[in-house]
Amino acid sequence: MTNPIRAIVMLGPPGCGKGTQTRALGALPGWMRHSAGEALRRRASSSETTGAGADYAKAGELAPCRIVIDALQRDIRHAVSQGRFDPAAGVLLLDGLPRSTEQARQLDGVVRVQRVVHLECRDRAVLINRLTRRGREDDRDPDTVERRFSVYEEKTKAVLRYYPQEAVGRVDAEQAPHRVLGDITESLRDIEF
């Protein structure tokens, strides 16, 4: 991919609503959603790469950059080959990527981040309640959930400092989902698409 693709990064702690919001925005014409977690779980379930990615998710750890970036590039190529995404004109929504400054540096060669939307939720009980309700396998183990919160605090929050502060929009994710979506949309207004 020679010309970096325009991208919007959705960051926040586990359970803040990144998936909910990127699914809504990803339905817009010309927009493509990539969930790093879903891509790793999909990759892990395929026979050729059994274990790659899933072991990290189950442990609440970050997958290595090469696996994460490879999964992103595969998703983009697949969407392009099926006519679902035009990298020259579209917008890529990144759900859960990058999760470390190392991943952010690697991502720079693939996409051009135009905005980082930080979904803020300070109430851990709200986040845990949301994780419990969605019922995903890696949300069932309290130790794994705690480890994911720790990884977010130790590594992912640093990504917010990697990007210029004028590129970071902050949204209160404790609101109802439709209000969060409205605030995200408002934070993207000054971006030329």
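Couple of notes before you dig in:
- Screening the range 82-193 for helices (runs of 4 or more DSSP H) wholly inside it with 1 or more residues that are touching a strand residue (DSSP E or B) at 6+ places or on another chain (Cβ under 8 Å) and surrounded by 12 or more Cβ atoms within 10 Å (Cβ to Cβ) returns the ranges 101-107, 159-162, 177-187.
- The range 1-34, subset among the charged types (D, E, K, R) and in a helix (DSSP H, G or I), residue nearest to the chain's Cα centre (by Cα): Lys18
- Each residue in the range 159-183 was checked for being among the hydroxyl-bearing types (Ser, Thr, Tyr) and out of contact with any Pro (no Cβ under 9 Å at 6 or more places or on another chain), and 1 of them qualify.
Just so you know, all these numbers are worked out from the coordinates, no wet-lab data involved. Just so it is clear, the model here is predicted, and its values are computed rather than measured. Cβ sites come from the backbone with ideal geometry, for glycine too, and all protein chains shown count toward neighbours.
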